[in-house]
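Attaching a single structure in structure tokens format; questions to follow.
The values are calculated or read from the model by the stated rules, or taken from the named source; none is laboratory data. All figures in this text were calculated on a predicted structure; none of them were measured in a lab. Quick reminder, even Gly has a Cβ in these numbers, built from the backbone with ideal geometry, and neighbours come from all protein chains shown. Areas reflect the complete protein model, heavy atoms only, side chains present, ligands, DNA and RNA absent. Shrake-Rupley method; radii C 1.70, N 1.55, O 1.52, S 1.80 Å.
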Amino acid sequence: MAKRINLGLLIVIVTAIYCLIWGNLHQMFVGSGSIGLGLWAIAGLLSGTFSDASYQRFNQEYDTAEDEQRRLRLNVTLWLLGLPSIIAALILYISVYR
């Protein structure tokens, strides 16, 4: 779990370095927020959050326990990778835009 959050922090650091080179703090807010929301949206799509009930029932019938474990592990990874980016975007919003 800590490794995934550290990778998310690395993404935030790379984004911050890129934005410091260009000297635009607004880019840091937009970039960090977009990366975090993008990762969370992909996790939502892969978990079946945006699908209908019949599709979810079909998956529950025919998926093995190993498939469910793999899907859950991937979703947790994507959520934890996006978490530092979302927190950084919120901190930037509160400190700069308020």
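Answer with yes or no whether Leu80 is in contact with a helix residue (DSSP H, G or I) (Cβ under 8 Å, 6 or more places away or on another chain), modelled with pLDDT under 85, in a helix (DSSP H, G or I) and open to solvent by less than 90 Å² (accessible area, probe 1.4 Å).
no
Would you please name the residue that is nearest to Ile87 (Cα to Cα), looking only at residues in the stretch 1-33 that are open to solvent by 70 Å² or more (accessible area, probe 1.4 Å) and of a type outside the set (A, V, I, L, M)?
Asn6
If I filter the stretch 34-44 down to residues being in contact with a helix residue (DSSP H, G or I) (Cβ under 7 Å, 6 or more places away or on another chain), open to solvent by less than 50 Å² (accessible area, probe 1.4 Å) and among the aliphatic types (A, V, I, L, M), which single residue comes out as farthest from Thr15 (Cα to Cα)?
Ala43
Does Val12 satisfy the condition of being at pLDDT 90 or above, more than 19 Å from Asn75 (Cα to Cα), among the hydrophobic types (A, V, I, L, M, F, W, C) and in a helix (DSSP H, G or I)?
Numbers: at pLDDT 90 or above: yes; more than 19 Å from Asn75 (Cα to Cα): yes; among the hydrophobic types (A, V, I, L, M, F, W, C): yes; in a helix (DSSP H, G or I): yes.
So Val12 passes the test.
Restricted to the stretch 83-98, and to residues that are among the hydroxyl-bearing types (Ser, Thr, Tyr), in contact with a helix residue (DSSP H, G or I) (Cβ under 8 Å, 6 or more places away or on another chain) and part of a helix (DSSP H, G or I), which residue is surrounded by the fewest Cβ atoms within 10 Å (Cβ to Cβ)?
The extreme case among them is Tyr93.
In the stretch 51-63, is there at least one residue being at pLDDT 75 or above and open to solvent by less than 90 Å² (accessible area, probe 1.4 Å)?
The answer is no, given that none of the residues of the stretch 51-63 is at pLDDT 75 or above and open to solvent by less than 90 Å² (accessible area, probe 1.4 Å).
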